[in-house]
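**Student:** Got a structure for you, questions after.
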Amino acid sequence: MSQTALQKTFCAAAEAVGAEVTFVADVKAVVDYVKPLATGPVMIPQFASGERLGLATALKAGGVALSQSNLRQGAATASVGVTGANFAFAATGTVVLESTAEDIRLATTLPEHHVVLLDPSKILTDDLAAVPYLRTFHNNSPRNYLAYITGPSRTADIERVLTIGVHGPKRLHILLFSGLSNDPLEI
Amino acid sequence: MSKIRAKEYQGRIDQALANPKLQDALHKFGDAFLIAREKAFSDYDFEALREEIASCKDEVAENRQQYLEQFITNAEAAGTTVYLAKTADDANAYIAKLAQDRGVKLVVKSKSMASEETHLNRALESAGIEALETDLGEWIIQLAGQRPSHMVMPAIHMFKEEVAELFSKVTGVEEPAEIAHLVQVAREQLRQGYLDADMGITGANIAVAETGGIALVTNEGNARLVSTLPKIHVALLGVEKIVPTIEDAATIIRTLPKNATGQLLTSYVTWIRGAVPCGDEEKELHLVLLDNGRSALAESPHCKDALRCIKCGACANVCPVYQTVGGHVFGHVYIGAIGIILTAFFHGLDKAAEIVRACIGCRACVTVCPSNIDLENIILSLRETIGHEEGIGLGKSIVFRKVMRNRKLFHSLIRAASLLQRPVTGGSRTIRHLPLFFSSLTEWRTLPAVAEKSLRDQWDKIPQRIEKPRYKVALFGGCANDFLYPELGIDLIKVMNKLAVEVSYPQKQNCCGVPALYSGDKETAVALAEQNVAAMLEDDPDFILTTCPTCTMALQRDFVEFLKDNPVWAAKAKRLAEITIDAAGFIVNQLGATEVFKGLSAPEKVTYHDSCHLKRGAGVWREPRELLTTSGRQLVEMDHADRCCGFGGSYSLTSHPDISKQILGDKVKDIENSGATCVAIDCPGCMLQLRGGLEKKEVDVRVKHTIELLAESLS
């Protein structure tokens, strides 16, 4: 599948499970996207592509309150978590985050919004294509916590009615950002 | 057999049947599930996936010590503490002691069937530790003080009004019975729990030997919180969750959600390997690997395939019995078809002894099982074990062992019955009412009378006019064709003669043995298999035809299995299986003679009911439809055409008539809604059930065997 086709399949699959996919051109667009979502502090853990982008600085300059250090303490009140992604699966609309660093896990589980920045060149066909990367993660470090995230948190436990946002994020925003990162081993 | 246990079981059935709302919900769920599932698998080869899962799980079961050691070595290398629990009590004691040693007051849990299996919450409670379930469904049933009624959707039996009442007690204000609101209440109420808890307990869907890590397949996100926030993470999982490689895990991950809920993938798949950071420290990760009967299951030659189960719950979703009575009747901790088997090994035969009879044998579960487990076959073998342990009951024992094995006695008694029934039939072909304590049997369906003259007794007088027969075939009539519906045999001769096939009826044939087998008396079934192999092969026919798909399965599959180690019979049974074929399949596939019937009939609206054992046993369902449409009839498909009619032999007569009645009711509705004036079937059992139900309800739809309809075409 061509990269364009992968991107198209990814967007359709992600939207089918309730993720919101948007294209962004630069860091300003990210700030503009995040700002209206931020009804409380924005959790921004350290991640390589975000550091390069100067994302935290840009958000702060844009007037967004950040929760950057000791995310555990700020966990209960944060409204948005912003992270990158290692790669994604077109077939299922999934983003994959190597979440061994605890801050990544906190930012992607507790706030109501999870905003994830993804370079569309890192969209793989499906989970089987990811197995070699998984093995690399394991080889690089014996201890790890890897997450496949497909849409927002959901349940159908009451009368089988699909309901979004039970324990994890109520909304999953995927911002496709070309040129952000071409390394599947980094977030 | 324990009378008290049986009585309690019947009480649970009665209670469930008195809850039409539950039945309605489970029926709708079953329908929606099949649609979603089909869509999810549309780009995938389900058969290939399930074969892969089966062979991977078999590989692990055969070399389980090796994979267990590999898994433990890798897990420990990543800083995990592994504890191997032989029993449920061992697992509970380990976790409770760990919690006590670390001064844990509150535990948050995400969904773990293994912890339901061990009754972990009770154990923690007695150790003075509070356990809080965070999966929405699990929390609901924890508040209600119940147990799950489904493996994937534990609270599927409850309604929003009941949930609102439970939640109102927690919050102290009246919560409206509105689902989105209730989900929000759960979010808010449970949030603090994650932050306060000192220990998080999860299950695991997969354990990977190659890495020593586990994978969790979830939707709500609670398992991610449970495994992240508290300082200690304990995962409790069965040893059967181990797979060799990441690729094997990936195969399960791409199959499980599709087969469980019809999702391409769940919201979250979480791979955890080793002790990861937690605050300023390192997390303490314990994996408790639970045996609790799994090794015994792996050693059981007839049941071991059940260890392949990946706990998707699909066998319950499609089960007509589950849809009728729910998981609190049809299950113990684990529910549905797989639940019967796991209960026997994890919780004891006694706990499984009643529910093992609840399976109607329709094989709907077998077609959707993602691990290719022949659940029906294993359940039959468990019935046999329980039959050995507890006896099958004096009445059945006399009928099967003393009467059925003695063909002459058996057949003389049926002949006598045809005379004795006169007072209730008044000479008619159906029995509408039975006196006294038998009356409940004809309350909801009429029963056929035993024919005045059986097929075998009139066979020689039926003229067959073929000069040069293409084939000489022998008919295996089966009891129903022989003694209840001899006219079906006469029609078969008519149809076959038209196709230049001569039919004989070997007089020494006996019952196929399935009724005995289904009741747990395999010994009688084997004795009957030998009698029938000898009888049917005596004149060396080209083929053996059947009109009953349950007999077909006995001849094609069971006899071979029963006699495979018997040097006298093994080869003969194999030969018998090879030449046995159902009548419709014979006409279409062997003779290629569909066109003979072309346009011979009026365009009557006919709907087709798939008999369980014909479609899911012999794989025949296109053939009769092809014959009917070619003959000029207008085929209108009913909804759920391949859902069981509820007959199941003694299931509907003695063991579970009240469940059978409900399943028949569903079928009658589907037939009525189809608008057909005739329902075609290829099974005398379905014929009995459907005629009985339609007649009792005074629905003007005739029920005909495909062979009878073809004979009509020739008239």
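**Student:** Label-point separation (nm) for residue B:127 and residue B:409, each offset 7 Å from Cα along Cα-to-Cβ?
**Tutor:** Taking the simple label geometry, residue B:127 and residue B:409 are separated by 5.9 nm.
**Student:** Is it possible to state the helix-based mean residue ellipticity at 222 nm for chain B, with each DSSP H run of 4+ residues giving -39500 (n - 2.57), the sum divided by total residues, to the nearest 500 deg cm²/dmol? What is it?
**Tutor:** Details: 33 runs with 335 residues, N = 715.
Value at 222 nm, helices only: -14000 deg cm²/dmol.
**Student:** Still on this model: PRE reach from residue A:5 (point 7 Å along Cα→Cβ): which of region A:71-99 fall under 19 Å by backbone N?
**Tutor:** A:88-94
**Student:** Using only atoms on other chains, find how many Cβ atoms lie within 10 Å of each Cβ of peptide A:106-112 and report the average. Show your work: numbers first, answer last.
**Tutor:** On the way: counts 3, 0, 4, 11, 8, 0, 1.
Mean partner shielding for this stretch: 4.
**Student:** Which of the aspartates and glutamates could a cross-linker bridge to residue B:696, judged by Cα under 19 Å and excluding same-chain residues fewer than eight apart?
**Tutor:** Within the straight-line cut-off, residue B:696 pairs with B:443, B:658, B:666, B:670, B:672.
**Student:** Whole angstrom only: what separates the Cα centroid of region B:282-338 from the Cα centroid of region B:95-111?
**Tutor:** 25
**Student:** For the residue pair residue B:487 and residue B:637, what label-to-label distance in nm results when each label sits 7 Å from Cα along the Cα-to-beta-carbon direction?
**Tutor:** Result for the modelled spin labels: 3.1 nm.
**Student:** How high is the relative contact order of chain B, in percent, with contacts defined as C-alpha pairs under 8 Å that are six or more residues apart? Write down the numbers at each step before the final one.
**Tutor:** Values: 1300 pairs, mean separation 80.7, N = 715.
Once divided by the residue count of chain B, the mean separation gives 11 percent.
**Student:** At a Förster distance of 56 Å, what's the computed FRET efficiency of residue B:394 paired with residue B:100, Cβ-Cβ distance as r, to 0.05?
**Tutor:** So, using R0 = 56 Å, E works out to roughly 0.60.
**Student:** I've got another one for you. If you take the beta carbon distance between residue B:299 and residue B:590 as r and set R0 to 30 Å, what does 1/(1 + (r/R0)^6) give as a FRET efficiency, to the nearest 0.05? Before the final figure, lay out each step's value.
**Tutor:** Numbers: r = 42 Å, r/R0 = 1.40.
About 0.10, to the nearest 0.05.
**Student:** For residue B:6 and residue B:443, calculate 0.36 nm times their separation in residues minus their Cα-Cα distance, and state this gained length in nm to one decimal. Present the calculation step by step, with values, prior to reporting the outcome.
**Tutor:** Numbers: separation 437, 0.36 × 437 = 157.32 nm, distance 2.30 nm.
Length gained between residue B:6 and residue B:443: 155.0 nm.
**Student:** Once the Cβ-Cβ distance between residue B:538 and residue B:21 is put in as r, and R0 is 56 Å, what FRET efficiency do you end up with, to the nearest 0.05?
**Tutor:** My answer for the efficiency is 0.50.
**Student:** Another question, if that's okay. Given the Cα-Cα distance of residue B:401 and residue B:191 and 0.36 nm per residue of separation, how much length would full extension add, in nm?
**Tutor:** Working: separation 210, 0.36 × 210 = 75.60 nm, distance 6.25 nm.
Full-extension gain reported as 69.3 nm.
**Student:** Once neighbouring chains are kept in place and the probe is 1.4 Å, which whole percent of the accessible area of the protein assembly as shown is contributed by carbon and sulfur? Walk me through the intermediate numbers first.
**Tutor:** Numbers: 17720 of 33910 Å².
Carbon and sulfur atoms account for 52 percent of the accessible area of the protein assembly as shown.
**Student:** Within 10 Å of each Cβ in peptide B:209-221, how many partner chain Cβ atoms are there on average? Round it to a whole number, please. Write down the numbers at each step before the final one.
**Tutor:** Values: counts 0, 2, 7, 2, 7, 0, 2, 1, 1, 4, 12, 10, 15.
What the average comes to for B:209-221 is 5.
**Student:** If you line up the long axis of helix B:336-346 against the longest principal axis of chain B, both from Cα atoms, how many degrees apart are they, to the nearest 10?
**Tutor:** Tilt relative to chain B: about 60 degrees.
**Student:** I want the antiparallel fraction of DSSP beta bridges within the protein assembly as shown, as a percent rounded to 5.
**Tutor:** On the way: 28 of 95 bridges.
Bridges in the protein assembly as shown are about 30 percent antiparallel.
**Student:** How far is it, in nm, from the label point at residue B:432 to the one at residue B:231 when both lie 7 Å from their Cα along the line to the Cβ?
**Tutor:** 7.9
**Student:** Which residues does the label zone of residue B:162 cover in region B:1-35, counting backbone N under 14 Å from a point 7 Å along Cα→Cβ?
**Tutor:** B:15-26
**Student:** On full extension of the chain, what length is gained from residue B:280 through residue B:424, given 0.36 nm per residue of separation minus the C-alpha to C-alpha distance? Intermediate values should be presented prior to the final figure.
**Tutor:** Working: separation 144, 0.36 × 144 = 51.84 nm, distance 8.36 nm.
Extending this stretch completely gives an extra 43.5 nm.
**Student:** Enter the angle in degrees (range 0 to 90, nearest 10) between the Cα long axis of helix B:20-40 and the first principal axis of the Cα atoms of chain B, meaning the one along which they spread out most.
**Tutor:** Taking Cα atoms only, the helix is inclined about 90 degrees.
The values are calculated or read from the model by the stated rules, or taken from the named source; none is laboratory data. From a predicted model like this one, the values you see are computed outputs, not experimental measurements. Heads up, the Cβs are rebuilt from the backbone with ideal geometry, glycines too, and the neighbour counts pull from every protein chain shown. Just so you know, the surface numbers come from the protein's heavy atoms only, side chains and all, with ligands and any DNA or RNA stripped out. Shrake-Rupley method; radii C 1.70, N 1.55, O 1.52, S 1.80 Å.
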